[in-house]
Amino acid sequence: MTPTDLRAPSRSLLLAFALALATVAPAAQGQALFRDEKPVAITLVTNLRDLMRERDSTELRWFGSEMTYTDESGRARAMPVELRARGHFRRQARNCGFPPLYIRAGRAARDSTILQGNPRLKIVTPCRPNSDDYQQYIFLEYLMYRTYAVLSPVHHRTRLANITYKDSTDRVKPITVTAFFLEIEEEVADEAKMEYSETTGALFADLVPEALDRLSLWEFLIGNTDWSVAALHNIELFRNAAGDYTPVAYDFDWSGAVNARYSFPNPTLGIRTVRDRLHRGPCRTAAEWAPTIAFYQSKKAAIDSVWALPIEGLDPKRRADSKAFLDSFWPILGDARRFQRMVVETCQKQGN
């Protein structure tokens, strides 16, 4: 793939894209789930045993389920949905006791419900439901998404959820956890009035420079090296009508800020732990980095506000530890020599 491949969508594709944009606004306005920040309590009844057992399969099935919750008026609601395992590392049984999930519902089922406007969603559930450590990782990753939303206008929206999973056959004991809903890439595209692209092989030169610089500094801020633009690994690309590509980050559990016990850096990177920051973004001069540095510094108070949000169940020590790691980023921005050494001189010339 060449930059020309990325930047030259056909006229018919642009026309189709423009027509699609004209129809997405009502759906986005109808998304009830993300209008509120307080956790939603739901129960999901499904064939839980089989759902958990088949996640190593290469052909994952959707499982019929009933979702119940109480709406804003206090009315008990029940609706048919479907669940399916998803993901990579956390889906594999050898790594996690419980997989991340997709949830979907037909239009008739979701209209006038909390899922209206969201045909499909991701559910990020603790990898090991009986471990408090893994529950804390969920809280911290949720805060990472909220922080990223402060820094990037194109991002995944989230909503905390207190979920009870029940087995419809009574072969598995109920599992109650705090998870979070995460919107899928197509909904991100609709919200941003852009087109989601699955094109791999992109180089840094193919992306909007400002968006790339902000994303690269974000990954450095949180201590995340587990990303690749070319491979679309924990990165998504979105294209506007002019054909410009914006990268968006997701999946932050392997970052130093979350510091999950299962996370470790790629040995080829030459760092020992995920808390060793390593810049894997583009090569820029100090002068070229100056606008991005100023932008981040202007957002410090907003980031602090995110990390002050009241979240029931989040261990104050965990919050403080992650926040202290994030705060160690600011002195690097304010020290020209450290920034030169850690960012300017450590970069990827073409891509990653």
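The values are calculated or read from the model by the stated rules, or taken from the named source; none is laboratory data. This one's a predicted model, so the numbers in the text were calculated from it and none came from an experiment. Glycine gets a Cβ as well: all are built from the backbone with ideal geometry, and neighbour counts include every protein chain shown.
Some notes on this structure:
- Single residue of LEU269, LEU232 found to be touching a residue at least 24 places away in the same chain (Cβ under 8 Å), at positive phi and surrounded by fewer than 20 Cβ atoms within 10 Å (Cβ to Cβ): LEU232
- Output for segment 197-229, where each listed residue is surrounded by fewer than 21 Cβ atoms within 10 Å (Cβ to Cβ) and small (Gly, Ala, Ser): SER197, GLY201, ALA205, ALA211, SER228
- Residue within segment 91-103 that is at pLDDT 95 or above and among the charged types (D, E, K, R) present: no
- Residue tally, condition among the polar types (S, T, N, Q) and touching a His at 6+ places or on another chain (Cβ under 7 Å), over segment 186-215: 0
- Qualifying residue in segment 162-175 (condition: of a type in the set (Asp, Glu), more than 19 Å from TYR69 (Cβ to Cβ) and over 13 Å from the mean Cα position of the chain (by Cα)): yes
- Residues that are modelled with pLDDT of 90 or more, more than 14 Å from THR113 (Cα to Cα) and part of a helix (DSSP H, G or I) within segment 21-50 comprise LEU48, ARG49, ASP50, listed in sequence order.
- For segment 324-346, the set of residues classified as assigned to a loop (DSSP other than H, G, I, E, B) and of a type outside the set (Val, Ile, Thr) consists of SER328, PHE329, ASP335, GLU345, listed by residue number.
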